[in-house]
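Asker: Once you've had a glance at the structure underneath, I'll fire off some questions.
The values are calculated or read from the model by the stated rules, or taken from the named source; none is laboratory data. Everything numeric here is computed off the predicted structure, so don't read it as measured data. Cβ coordinates were reconstructed from backbone atoms using ideal geometry, including for glycine residues, and neighbour counts include every protein chain displayed.
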Amino acid sequence: MIELGARILTGAPYLIIKDSTSDGKPYDLPFDLKDNRVVDIPEQEEKDLELGAIKIRTIRDRIREIINIGDQWDYLYPGATVEIKIGDENEGASRFKDVSKKLETLFELKGIAGREVSSVIEHLLERMPSFQIKPFTEEQANLVGRLLVPAHPRLSKIYATVPIVFQKHDKYQGRAFLPIIVSFSFNRLTNILRLRILYIDVTSATKLDEQKGYYICSLTGNGKIDLGGSKKS
């Protein structure tokens, strides 16, 4: 389960193979896994050779499916690779690179790959509550800055807490998504910070902080966010 979770989070390919029974009794995987690339293997060898062949073909086809996917992002969470040019006043130097189709759906923006980071973020902010924009952009900028200081004593605690909240969206209105940096590298010769980011639905763990006046991730709440809340003065 630990390795599977790591693969799901980072976008690595995977295929789940499980026994059809445990101690002779049928059983299912947890609800969030049982319908996801699972191949059941019978406890006893199939007497019907055709049934065994079907299992073999299924495993073979799933492996081919994984190998033939040109963009790993396309079959897990919305995600992208982003290259940020550090110290360059030209905002066009920072761009989205590899982008999943799911991210285009999430952002309601086609052709994100190759676009300037600033233009994509601006498009995204137009769909968020006005009081959510400043804390979100400030936290994201702070996270990037901290990634560039590997000796920082709090590096291990670098994570986002202010999610993207959609006030306007055809499909995800009232839902929150948190950008998760799953890997990063910094090329000191080119001054390019390369990030791999997943956007995780954290609606059930997001609420309006009455004191701070904006949405943050918490351990309570479920369903859709109440967009009736507003920034407190």
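Asker: So residue 4 fits all but one of (1) among the hydrophobic types (A, V, I, L, M, F, W, C); (2) modelled with pLDDT of 80 or more; (3) closer than 25 Å to residue 192 by Cβ; what number is the exception?
Answerer: Checking residue 4 against (1) among the hydrophobic types (A, V, I, L, M, F, W, C); (2) modelled with pLDDT of 80 or more; (3) closer than 25 Å to residue 192 by Cβ, the one that fails is (3).
Asker: Out of the residues in the stretch 106-124 meeting the condition of being part of a helix (DSSP H, G or I) and within 18 Å of the chain's Cα centre (by Cα), tell me which one is farthest from residue 169 (Cα to Cα).
Answerer: Keep residues of the stretch 106-124 that are part of a helix (DSSP H, G or I), which gives 106-107, 117-124.
Among the residues that remain, those that are also within 18 Å of the chain's Cα centre (by Cα) are: 106-107, 117, 120-121, 124.
Values: 106: 9, 107: 9, 117: 20, 120: 15, 121: 15, 124: 10 Å.
Only one residue tops the list, namely 117.
Asker: Spot the failing condition for residue 215; the list is (1) modelled with pLDDT under 90; (2) surrounded by 12 or more Cβ atoms within 10 Å (Cβ to Cβ); (3) part of a strand (DSSP E or B), and only one is missed.
Answerer: In the conditions (1) modelled with pLDDT under 90; (2) surrounded by 12 or more Cβ atoms within 10 Å (Cβ to Cβ); (3) part of a strand (DSSP E or B), residue 215 misses (1) alone.
Asker: Please specify each residue of the stretch 91-140 satisfying the condition of being over 17 Å from residue 163 (Cβ atoms) and among the aromatic types (Phe, Trp, Tyr).
Answerer: 96
Asker: Considering the stretch 90-115 alone, what residues qualify as being acidic (Asp, Glu) and either touching a Phe, Trp or Tyr at 6+ places or on another chain (Cβ under 6 Å) or under 16 Å from residue 196 (Cα atoms) (or both)? Quick ask: steps written out before the conclusion?
Answerer: Quick first cut of the stretch 90-115, residues acidic (Asp, Glu) only: 91, 98, 104, 108.
98, 104, listed by residue number.
Asker: Does residue 190 meet the test of being in contact with a Phe, Trp or Tyr (Cβ under 9 Å, 6 or more places away or on another chain) and at pLDDT below 95? Give the derivation first.
Answerer: Details: in contact with a Phe, Trp or Tyr (Cβ under 9 Å, 6 or more places away or on another chain): no; at pLDDT below 95: yes.
Judged against the criteria, residue 190 is not a match.
Asker: Going by the conditions given, is residue 103 surrounded by 12 or more Cβ atoms within 10 Å (Cβ to Cβ), touching a Pro at 6+ places or on another chain (Cβ under 6 Å) and either part of a helix (DSSP H, G or I) or modelled with pLDDT of 95 or more (or both)? Can you show your working first?
Answerer: Values: surrounded by 12 or more Cβ atoms within 10 Å (Cβ to Cβ): yes; touching a Pro at 6+ places or on another chain (Cβ under 6 Å): yes; either part of a helix (DSSP H, G or I) or modelled with pLDDT of 95 or more (or both): yes.
Yes; evaluated as a whole, the condition is true for this residue.
Asker: Now for a different question. Would you mind finding the one in 165, 202, 182 that is at pLDDT 95 or above, surrounded by 12 or more Cβ atoms within 10 Å (Cβ to Cβ) and closer than 25 Å to residue 105 by Cα? Steps first, answer last, please.
Answerer: Values: 202 fails: at pLDDT 95 or above; 182 fails: at pLDDT 95 or above.
Going through 165, 202, 182 in turn, the sole match is 165.
Asker: Here is a further query. Being small (Gly, Ala, Ser) and out of contact with any Leu (no Cβ under 7 Å at 6 or more places or on another chain) is the filter here, so list the residues in the stretch 157-198 that pass it. Can you show your working first?
Answerer: Pass one, the stretch 157-198, residues small (Gly, Ala, Ser): 160, 174, 176, 183, 185.
Listed by number, the residues that qualify are 176, 183, 185.
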